[in-house]
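Chemist: Take a look at this one; I'll ask things after.
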Amino acid sequence: MTHTSIAACLGEDFLAQALHREYRHVPGTLDVAGLMTWDDLNNILAAHRLEPPRMRLFRDGETLLVGGYTTPVATRRHTVWHRLHPAELHARLTEGASLALDSVDELHPPLARLCEAIERDLRTRVQAPRGAGGRRGRVDALRRREHVRVRPGS
């Protein structure tokens, strides 16, 4: 990806006039199909402690309470973290909640490479959020080892 290709996709005035001054949404600018699959998201949810504000659920513009889809766990050092509870996560998403996962590029190498390429071209920090809509996405909760599976469809 080059400065020319980014400028061509985002508009000739983007680098000089818009960067750091305004938000611009240009559908189809980058082909990201297959960059992150539902299985990739499942693996991230299963392998990482993702607590608010990094991972959270929303419904009707409101953040859902973390206790509605996690279980508090105390460590030996008496700190508390929130273990994802697959059945409750599934229930919230089925009810129409949306999942937001910030900085997913730090957890998924293909997204990290894309963000790094854009950062090199634009010379600015890029962060990749990931969202999964409740009715647009279905979560199959498997009880073994607190494993969570998210798949498109309902």
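Chemist: Anything in segment 75-95 that is of a type in the set (Ser, Thr, Tyr) and closer than 16 Å to Arg49 by Cβ? List them, or say none. I'd like the intermediate steps shown before the answer.
Modeler: Residues of segment 75-95 that are of a type in the set (Ser, Thr, Tyr), as a first pass: 75, 79, 94.
Passing the criteria: Thr75, Thr79.
Each row is one residue, and each column tells you yes or no for (1) on the phi < 0 side of the Ramachandran plot; (2) among the charged types (D, E, K, R); (3) at pLDDT below 85.
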position	(1), (2), (3)
Arg76	yes, yes, no
Gly96	no, no, no
Val104	yes, no, no
Asp121	yes, yes, yes
Arg144	yes, yes, yes
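Chemist: Kindly state which strands (runs of 3 or more DSSP E) lie completely within segment 52-127 and contain at least 1 residues that are open to solvent by 80 Å² or more (accessible area, probe 1.4 Å) and among the hydrophobic types (A, V, I, L, M, F, W, C). Reasoning before the result, please.
Modeler: Details: elements: 55-59, 70-74, 80-84, 98-101.
Correct list: 80-84.
The values are calculated or read from the model by the stated rules, or taken from the named source; none is laboratory data. All figures in this text were calculated on a predicted structure; none of them were measured in a lab. Positions of Cβ are backbone-derived with ideal geometry, glycine not excepted, and every protein chain shown enters the neighbour counts. These area figures cover heavy atoms from the full protein model, side chains too; ligands, DNA and RNA do not enter into them. Shrake-Rupley method; radii C 1.70, N 1.55, O 1.52, S 1.80 Å.
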